[in-house]
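This report refers to the structure that appears directly beneath it.
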Amino acid sequence: MDAKQIEGDLALDQTYIAEADIQARLRELAAEIARDYEGEDLLLVGVLRGAVMVMADLARALDRDVEMDWMAVSSYGSGTTSSGVVRILKDLDSDLTGRHVLIVEDIIDSGLTLSWLTTNLRSRKPASVEICTLLRKPEALKMVVDVKYVGFDIPNAFVVGYGLDYDERYRNLRDIATLAPHVYA
Ligand code: 5GP
Ligand code: MG
Ligand code: MG
């Protein structure tokens, strides 16, 4: 699904980050990651389901061998606010002992989920745990956890596409778009 669909879809507002810009930024991040982990083994941990597209494209942009594993978590919380209390719906298949782990995320908002996840993974005796996210919202800057690789810092708007959903829709949009305010207002 691409930008042409946006014009015909009243729920979508406008293209916010175009497919080509996403891919270009991922290639830059991949080059940085390849440099930083040179000579080390690397395990990418994708957080389902939003990070599927980022993982697929970032991993293929990496000019080196990597392993990929997946986790699914759900955050307990009322309505739209994340409480920071997280339940594991699907755990990793890999043993993290002694491994370099890079968490791959679509977007960080409050950072509560990721903060919990990082602590959880660090308790499994890995060699290192770092975070790569395609998008970061302003609230995340208050996070105690460092985010090593950030694709784009974006303002506080609700975005969809490239893995990100609104009520499970729009994940297969190639671009990232803003949702029309009438949809969630
Ligand atoms: P937090 O960082 O607040 O713990 O949670 C981040 C999660 O909230 C993301 O993984 C994503 O599922 C959801 N989220 C936050 N902002 C947005 C947004 O603008 N669009 C979409 N589709 N999901 C968002
Ligand atoms: Mg996510
Ligand atoms: Mg969602």
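Since every read-out is calculated from the coordinates, none of them should be taken as a lab result. The model shown is predicted, which means the values in this text are computed figures rather than measured ones. Because the Cβ atoms are built from the backbone with ideal geometry, glycine has one as well, and the counts that use them run over all protein chains shown.
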Rounded tilt (10° steps) of 52-61 against the dominant C-alpha axis of the chain: 60 degrees
GNM on the chain, C-alpha springs below 10 Å: top fluctuator among TYR162, TYR16, TYR149? TYR16
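Only bridges whose two residues both fall in region 19-157 count here: according to DSSP, what percent of them are antiparallel, nearest 5? Walk me through the numbers before you get to the answer.
On the way: 5 of 27 bridges.
Restricted to region 19-157, the bridges split so that about 20 percent are antiparallel.
Do you know the relative contact order of the chain, to the nearest whole percent, from alpha carbon pairs under 8 angstrom that are 6+ apart? Display every interim value, and only then the final one.
Numbers: 356 pairs, mean separation 47.3, N = 185.
Normalised by residue count, the contact order of the chain is 26 percent.
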As I understand it, the value is the acute angle between the Cα axis of helix 19-36 and the longest principal axis of the Cα atoms of the chain; what does it come to in degrees, rounded to 10? 10 degrees
Compute the long axis of helix 112-122 from its Cα atoms, compare it with the longest principal axis of the Cα atoms of the chain, and write down the angle in degrees, 0 to 90, nearest 10. 20 degrees
Which value does Rg/Rh take for region 19-157 over its C-alpha atoms, Rh per Kirkwood? 0.94
Dipole magnitude (debye, nearest 20) for region 19-157, charges at Cβ of Lys, Arg, Asp, Glu: 500 debye
